[in-house]
């Protein structure tokens, strides 16, 4: 659990048979909890096939030096038209990790980039000029296309899973590192909730377009951004938690509207509520790009954050793209397509007032007009090293965020009486499986 992150993931039980996996999956296949699966290179689940993974199954991945297939890294890639049915439970999560992980605490939060990651590709829309595109990092000679016209596309079920120590360059080229969980044009019928990405060398999560909805996502100690979206990403999302590492980190949220055509539609306007983003620390000096702010909107991105906590970043709270001409994220804000409402901000290196939240007048005006509060949310424990109070991001019972949530008029969102990702009156929803 989060109160002892340096000791998570310990697995006990009987011995498991190691099953080497080096071939693509072209028929309905089940990975069972009595085995330990070792991915050797890029493993594709092909269209028309479904990979079912039992609760409690452990999937490990070879590092580049031991791969026999000639691929640049090991990763699991679910192609368009394929499905993953990975339904872990709180007591029996599905674990993806490196072959070096003995699951007894031998690896730590700084052991990153030991394998690739998990990629799910769908047929929902993006705002790219072409309907389908190759996902980043995969060589063009391999079919890893995403995108289509079906926003209700279904790539399966992915719940109660932990993705650890990934982020190695899929192509083997430095700078081409992959995210813990990459989603390319994943559609709204796909079910994703209760996922952890731990100690990834790149972003925790990245969405390239698509309409998938999510709940209960954790990005912990990743070396780049926690939550990154692009290419017209939409959907509804609730209960995200990010905790950045003092040694290397990016932004809590890096939000881009488009790539090749920033004015393309659909615009990137996801609706997000009840997140808690903890930065690397206001006095930290992490390597990496962008930990000087909690959120960055650019490339004509919109997006809406409600009922959330942003805490302990080295610089400002937020930057919004403001170009001299043409469409930009400032226009999205002025059009009501970029909204920050009813959020709490505190412990920023630039100061604990509106000037510390943003250097931009129009952003400060927006924050003030939309019930954003600069005040201590009184979290129980933010020690990333598991000190006396540990890492417990629940607010104290006398915190000002208790009872401060505003109800969203949308049936997807769970009604809460609190701001942030965690209920102060309940156990952490991360317990047991992270």
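The values are calculated or read from the model by the stated rules, or taken from the named source; none is laboratory data. Fair warning: this is a prediction, and the values are worked out from it, not measured in the lab. Cβ coordinates were reconstructed from backbone atoms using ideal geometry, including for glycine residues, and neighbour counts include every protein chain displayed.
When residue 186 is tested against (1) more than 19 Å from residue 143 (Cβ to Cβ); (2) surrounded by 24 or more Cβ atoms within 10 Å (Cβ to Cβ); (3) more than 13 Å from the chain's Cα centre (by Cα), exactly one condition is not met: (1).
Restricting 151, 91 to residues that are more than 18 Å from the chain's Cα centre (by Cα), farther than 30 Å from residue 260 by Cα and either assigned to a loop (DSSP other than H, G, I, E, B) or at pLDDT below 95 (or both) narrows the list to 91. For segment 389-412, does any single residue satisfy the condition of being under 25 Å from residue 199 (Cβ atoms), without any contact (Cβ under 8 Å) to a residue 12 or more places away in the chain and out of contact with any helix residue (DSSP H, G or I) (no Cβ under 8 Å at 6 or more places or on another chain)? Yes, segment 389-412 contains a residue that is under 25 Å from residue 199 (Cβ atoms), without any contact (Cβ under 8 Å) to a residue 12 or more places away in the chain and out of contact with any helix residue (DSSP H, G or I) (no Cβ under 8 Å at 6 or more places or on another chain). Looking across segment 45-54 at every residue that is touching a strand residue (DSSP E or B) at 6+ places or on another chain (Cβ under 7 Å) and part of a loop (DSSP other than H, G, I, E, B), the one that is farthest from residue 170 (Cα to Cα) is identified as 54. Just the residues that are assigned to a loop (DSSP other than H, G, I, E, B), within 23 Å of the chain's Cα centre (by Cα) and under 15 Å from residue 137 (Cβ atoms), please, taken from segment 60-78. 73, 74 - these are the residues of segment 60-78 that are assigned to a loop (DSSP other than H, G, I, E, B), within 23 Å of the chain's Cα centre (by Cα) and under 15 Å from residue 137 (Cβ atoms). Determine whether segment 29-44 contains at least one residue that is more than 18 Å from residue 97 (Cα to Cα) and out of contact with any strand residue (DSSP E or B) (no Cβ under 6 Å at 6 or more places or on another chain). The answer is no; no qualifying residue exists. Condition check for residue 114 on (1) under 30 Å from residue 287 (Cβ atoms); (2) touching a residue at least 60 places away in the same chain (Cβ under 8 Å); (3) in a loop (DSSP other than H, G, I, E, B): one failure, at (2).
Does residue 160 fit the bill of being more than 20 Å from residue 234 (Cα to Cα) and touching a residue at least 60 places away in the same chain (Cβ under 8 Å)? Yes; evaluated as a whole, the condition is true for this residue.
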